[in-house]
Amino acid sequence: MEYNGGCVIAMGGKNCLAVASDLRFGLENFTQGLNTPKMFRINQKMFIAMTGLLGDIATLKQVIEYKLSLYSTKESKTIRPLILVTMLSLFLYQNRFSPFVVETIVAGLNENEKPLICTMDVLGATSFSSKFVVSGTCSESLYGICENYWKPGMEPEELFKTISNCLILGSNRDCLSGWGGMVHIISTNGVETKSLKTRMD
Amino acid sequence: MDTVISLIGRNFGILAIDTISPRSIFIMKKDLNKCVEIGKNKYLIVSGLPGDVSQFTDFIQKSVQLNSLKTGIPFSTHSVANFVRKELSECLRKNPVKVNLTILGFDDSIGPSLYFIDYLGNLQRMNYCVQGHASLLVFSLLDRHFKKEMDIKPAIGLLVKCIGVLKNRFLINQVGFFNKNNRF
């Protein structure tokens, strides 16, 4: 889990959502790459973010893309966040005895523009939250920081500031995360992407 | 462990690979060419456990050839890299192969591209990459002096600097460096 490092936060606001991740790609203590965001866009209003082994992250992303295109072909509609969570959770449990070493976060806006955020462990145990979810090597400190800064009913600009602060503060003290950050803000108007300048160490 | 230093410039890529084949404390062969060509203008360097290296290299080379014959479409560097990554990540849970790879290729539409793949299936596209124990010494030098879209003379100068550092400070006497400098 700590081999590649990394951290991800997803936060819910008022009819909007934000997902943030750091950009480090490391091999234990060695930083190999500085441009590896751990979030992937699934469709118009949904993101999946994963931390853990980067090889498994890439494999799981391809599996999800495959399952989603199958779903949209069969059902002729875009998938809802809750359905994706269930699908993913089942898939992860299928590898009960040789699990994918990733902790997944699913973040998406429902049809009624309410945010849905959920985190899953290696075996697909889901945990929904109306506030925020975190994952990664510095998750303990992120929990504390997000708990402090999160407020209900935040608008997109305020949500962006909050999630950026939390990511920067959380990854500053962790040597396995950081080296830049990226934030996606999902709202009714669409998706905005912003990069963060962080400590490069 | 093998040293592979690779970087990408304006319209070319350079690889510097050590040429020794060690067996415990001895040098078995001093002039080994570890660079394998897969398809046209794509180079693969595999390093790791000796048996795994030769088996995996042959497997990838022949699979890529077979696939391009079957489909009639020549593979791009991006697809070769992702194919190798997929094979490695599938092997990881069945019959683990402890090899790290560097893939350098040139495509007409994209230009030069460099990929690094770990034995766990971590794929990373980079502008410059060092593989092996030498990465601890050489990476910071490349971080400092590398610029995007370099010309060939400065790139070779930088490579010579990196090899100089290794000759100075690296424990293993890596006798010669084989330079694959492809002006695409």
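The values are calculated or read from the model by the stated rules, or taken from the named source; none is laboratory data. Not measured: the values here are computed from a predicted model. Cβ atoms come from the backbone with ideal geometry, glycine included; neighbour counts cover every protein chain shown. The area values use the complete protein model at the heavy-atom level, side chains included, leaving out ligands, DNA and RNA. Shrake-Rupley method; radii C 1.70, N 1.55, O 1.52, S 1.80 Å.
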Does at least one position in region A:65-76 carry a residue that is within 17 Å of A:Val19 (Cα to Cα), of a type in the set (Lys, Arg) and open to solvent by 10 Å² or more (accessible area, probe 1.4 Å)? no
Would you mind stating whether A:Asp174 is charged (D, E, K, R), open to solvent by 20 Å² or more (accessible area, probe 1.4 Å), within 18 Å of A:Met50 (Cβ to Cβ) and out of contact with any helix residue (DSSP H, G or I) (no Cβ under 8 Å at 6 or more places or on another chain)? no
Which one of these is out of contact with any strand residue (DSSP E or B) (no Cβ under 8 Å at 6 or more places or on another chain), assigned to a loop (DSSP other than H, G, I, E, B) and within 30 Å of B:Leu101 (Cβ to Cβ): A:Glu111, A:Glu2? A:Glu2
Give all pairs with beta carbons closer than 7 Å in which a residue from region B:65-78 that is assigned to a helix (DSSP H, G or I) meets a residue that is among the aliphatic types (A, V, I, L, M) and surrounded by 14 or more Cβ atoms within 10 Å (Cβ to Cβ); count only pairs at least 6 apart in sequence or on separate chains. B:Thr77/B:Ile103
Within region B:17-35, can one find any residue that is surrounded by 22 or more Cβ atoms within 10 Å (Cβ to Cβ), closer than 30 Å to A:Pro99 by Cβ and aliphatic (A, V, I, L, M)? no
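Quick one: is A:Phe25 within 14 Å of another protein chain (Cβ to nearest Cβ) and surrounded by fewer than 14 Cβ atoms within 10 Å (Cβ to Cβ)?
No; evaluated as a whole, the condition is false for this residue.
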Just name the residue that is farthest from A:Pro37 (Cα to Cα) out of those in region B:98-107 that are open to solvent by less than 10 Å² (accessible area, probe 1.4 Å) and within 14 Å of chain A (Cβ to nearest Cβ). B:Val99
Give just the number: which of (1) part of a strand (DSSP E or B); (2) touching a strand residue (DSSP E or B) at 6+ places or on another chain (Cβ under 6 Å) does A:Lys61 not satisfy? (1)
Please find, among A:Ser127, A:Ser141, the residue that is touching a Cys at 6+ places or on another chain (Cβ under 7 Å), open to solvent by 50 Å² or more (accessible area, probe 1.4 Å) and small (Gly, Ala, Ser). A:Ser127
Within region A:79-90, can you find the residues that are part of a helix (DSSP H, G or I) and open to solvent by 30 Å² or more (accessible area, probe 1.4 Å)? A:Leu82, A:Ile83, A:Thr86, A:Met87, A:Leu90
I want to confirm something. Restricting to region B:108-127 and keeping residues that are in contact (Cβ under 8 Å) with a residue 40 or more places away in the chain and either of a type in the set (Lys, Arg) or assigned to a strand (DSSP E or B) (or both), which single residue is most open to solvent (accessible area, probe 1.4 Å)? B:Arg125
Tell me, please, whether a residue that is within 14 Å of another protein chain (Cβ to nearest Cβ), under 25 Å from A:Cys16 (Cα atoms) and either in a loop (DSSP other than H, G, I, E, B) or open to solvent by less than 10 Å² (accessible area, probe 1.4 Å) (or both) can be found in region A:39-58. yes
Does region A:93-114 hold any residues that are more than 30 Å from A:Thr188 (Cα to Cα) and loosely packed, with under 14 Cβ neighbours inside 10 Å, and which are they? A:Gln94, A:Arg96, A:Phe97, A:Ser98
Which of the residues that make up region B:128-140 are more than 9 Å from chain A (Cβ to nearest Cβ), open to solvent by less than 40 Å² (accessible area, probe 1.4 Å) and not in a strand (DSSP E or B)? B:Gly132, B:Ala134, B:Val138
In region A:1-22, the residues that are within 12 Å of another protein chain (Cβ to nearest Cβ) and under 13 Å from the mean Cα position of the chain (by Cα): A:Gly6
Top-ranked residue in region B:162-184 [being exposed (fewer than 15 other Cβ atoms within 10 Å of the Cβ) and of a type in the set (Lys, Arg); ranked as modelled with the lowest pLDDT]: B:Arg183
